[in-house]
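What follows is a single structure, written as structure tokens, with notes after it.
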Amino acid sequence: MIAETDIAALSVPEQIWLWLRVNMVEIAGAFAVLVIGLLIASFVSRWVERTLTKSPRFDQTIAAFLSNLVKYALWALVLVTVLSQFGVETTSILAALGGLALAVGLALQGTLSNVASGVMILVQKPFKVGEAISVNEFTAVVQQIGLFTTELKQFDGLFVMVPNSELWNQPIVNLHRHPTRRFELIVGIGYDDSMEQARKELLALAEADERVLDDPAPQAFVNSLDDSSVGIGLRVWCATGDYMAVSWDLTEKAKARFDAVGLNIPFPQREVTMKAA
């Protein structure tokens, strides 16, 4: 046993060499724990990523995020174990790490909210890349889903980046999730025109269009009695990919057909009666 006075008389390099000789076993054990722990952390993180990637419920992005989370947690465990080999009090270290995590969490509250929302979007899949959605004032096609933001492309070509927390906390309308979609057209005719003929003409247009589905069958009906016209409605179902083209074509053909058969589409009129004072 070397006395403290003898150690104090040694130079700094000699003190370091003495400490290494005395703690050789602890150093070797700590190095072994460090190497083996890092290898195990790397293996477990890769295993988690491969397992999650095989599941259809987990996106590649969230699989990578969770695997990295597991890896960093194992790194922290290895670090605490290594320090404990040298007699460091791990309780204080864990308390310090907990306080640091709390401070970081409070500082990055908004960012962590976006991450949590991004994870929920990737797990629940209210929309996927390539689908069109309507949320808030945006109606656009999803280009990329990240952990912090989602990138959208509007139909006019404009780029939109939305924080995930704003998407997750709002009602989302997915325009492409279901394979079929209903289109409704309302055309006004004059009060002197035949409602039955108008319904028949609209149904004939729907039956002549191959993109209109037979089931559910097209419907024509009187929708409203307005101030200057009678609203005749047409409801048809089509494939979601054909929706825009069907809506444009049926609207144009309805106007042309009504003109051809003499059904008027009146514009708003107001009759003013003047009374003498």
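The values are calculated or read from the model by the stated rules, or taken from the named source; none is laboratory data. Computed from a predicted model, the values in this text were never measured in an experiment. With ideal geometry, Cβ positions are generated from the backbone for all residues, glycine too; neighbour counts draw on all protein chains shown.
Annotations
- Criterion violated by Gln143 - all others in (1) at pLDDT 95 or above; (2) part of a strand (DSSP E or B) satisfied: (1)
- Filter result for Ser194 (assigned by TED's automatic domain parsing to the domain that holds Leu250 and either farther than 30 Å from Ala260 by Cα or not basic (Lys, Arg) (or both)): yes
- Any hit, segment 239-258, residues being out of contact with any helix residue (DSSP H, G or I) (no Cβ under 7 Å at 6 or more places or on another chain), hydroxyl-bearing (Ser, Thr, Tyr) and farther than 30 Å from Glu210 by Cβ: no
- Within segment 167-192, restricting attention to residues that are of a type in the set (Phe, Trp, Tyr) and more than 14 Å from Val236 (Cα to Cα), the residue that is farthest from the chain's Cα centre (by Cα) is Tyr191.
- For Arg199, the test of being among the basic types (Lys, Arg) and under 24 Å from Thr240 (Cα atoms) is failed.
Listed here are the residues, each with its yes/no results for (1) in contact (Cβ under 8 Å) with a residue 12 or more places away in the chain; (2) buried (at least 19 other Cβ atoms within 10 Å of the Cβ); (3) more than 23 Å from Asn68 (Cα to Cα).
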position: Val115; (1), (2), (3): yes, no, no
position: Gly118; (1), (2), (3): yes, yes, no
position: Val123; (1), (2), (3): yes, no, no
position: Asn136; (1), (2), (3): yes, no, yes
position: Thr139; (1), (2), (3): yes, no, yes
position: Ile145; (1), (2), (3): yes, yes, no
position: Val160; (1), (2), (3): yes, no, yes
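- Candidates Ala239, Ala256: the one that is without any contact (Cβ under 8 Å) to a residue 12 or more places away in the chain and not basic (Lys, Arg) is Ala256.
- Out of Ala220, Ala254, Ala276, sole residue that is within 30 Å of Val141 (Cβ to Cβ) and over 35 Å from the mean Cα position of the chain (by Cα): Ala254
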